[in-house]
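Scroll down for the structure; my scribbles are underneath it.
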Amino acid sequence: MNDIHLELLASPGWKQYLEEDLLPWVLGATDLGDEILEVGPGPGLTTDLLRFGTRRLVALEIDDTLAAALSSRLAGTNVEVIHGDATDSGLPADRFSAVTCFTMLHHVPTPDLQDRLLGEVHRVLCPGGTFIGTDATDTPALRDLHADDVFVPIEAESFRARLERAGFSGVEVEEQDSRLRFLARKPRPGQSSDEASIAPLR
């Protein structure tokens, strides 16, 4: 992640945007349950907000410097920070009531690795658990922001199928301006796609 992007994601303006606009738009009234995995928290402004809605939050961060800083800052809270790769986390299967992912999928360097991440999210979710998040879409302004950085944007039209191939059901994807949000569920054993569906995004 380049320095300009990192500064933006740790800024007071971004924190206000997350609190007042982005998280309410993405999460709505969704119940995330009592143990959440957050994939790619970066500086942790989303972590600061998410942790108050659950009993326990695990934040999985691939950057060792960011992971160490977040672990130090949130020591003694209900957050455990793990330095690791979300495409191969080593976390137990069927563990988390929800997995969240906010504006980080486009930092995964190839579509194949993105799909591996989706498969890993499906593995660690408990049956009936929810995968919810948002990401940036492809615009010139966002490409400029990611100069000398990884930027592999998600295409809203194909993302539903990619989530379904990873094993999710009840998939909802919505695009708005330069951003998409998604919601999907890991089916319980023997559950049909209709039974696993969740309330549509509103």
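Each row is one residue, and each column tells you yes or no for (1) among the hydroxyl-bearing types (S, T, Y); (2) within 24 Å of L50 (Cβ to Cβ); (3) more than 17 Å from the chain's Cα centre (by Cα).
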site: V121; (1), (2), (3): no, yes, no
site: V124; (1), (2), (3): no, yes, no
site: G129; (1), (2), (3): no, yes, no
site: I132; (1), (2), (3): no, yes, no
site: T139; (1), (2), (3): yes, no, yes
site: E157; (1), (2), (3): no, no, yes
site: A161; (1), (2), (3): no, no, yes
site: R165; (1), (2), (3): no, no, yes
Fill in the blank from the handout: Picking from D48, D63, D34, D85, the residue that is under 25 Å from L180 (Cα atoms), charged (D, E, K, R) and touching a residue at least 40 places away in the same chain (Cβ under 8 Å) would be D63
Practice task
For the range 117-132, state whether one or more residues are buried (at least 19 other Cβ atoms within 10 Å of the Cβ), touching a residue at least 40 places away in the same chain (Cβ under 8 Å) and of a type in the set (S, T, Y).
Solution key: yes
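For the range 65-79, indicate whether the set of residues that are buried (at least 18 other Cβ atoms within 10 Å of the Cβ) and under 23 Å from R162 (Cβ atoms) is non-empty. Walk me through it before giving the result.
First, pick out the residues of the range 65-79 that are buried (at least 18 other Cβ atoms within 10 Å of the Cβ): 66-67, 70, 74, 79.
Checking the rest, the ones that are also under 23 Å from R162 (Cβ atoms) come to none.
Scanning the range 65-79, I find no residue that is buried (at least 18 other Cβ atoms within 10 Å of the Cβ) and under 23 Å from R162 (Cβ atoms), so the answer is no.
Grab the helices (runs of 4 or more DSSP H) fully contained in the range 1-103, keeping just those with 2 or more residues being touching an Asp or Glu at 6+ places or on another chain (Cβ under 7 Å), at pLDDT 95 or above and of a type in the set (S, T, N, Q).
45-50
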Practice task
Take the range 85-107 and flag every residue that is crowded, with 22+ Cβ neighbours inside 10 Å and among the aliphatic types (A, V, I, L, M).
Solution key: A86, A98, V99, M104, L105
Practice task
Answer with yes or no whether G33 is on the phi > 0 side of the Ramachandran plot and surrounded by fewer than 19 Cβ atoms within 10 Å (Cβ to Cβ).
Solution key: yes
Practice task
Return the only residue of D3, D85, D34 being of a type in the set (D, E, K, R) and more than 22 Å from E120 (Cβ to Cβ).
Solution key: D3
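The values are calculated or read from the model by the stated rules, or taken from the named source; none is laboratory data. These numbers were taken from a predicted model, which means no experiment stands behind them. So basically every Cβ, Gly included, is an ideal-geometry build from the backbone, and we count neighbours across all protein chains shown.
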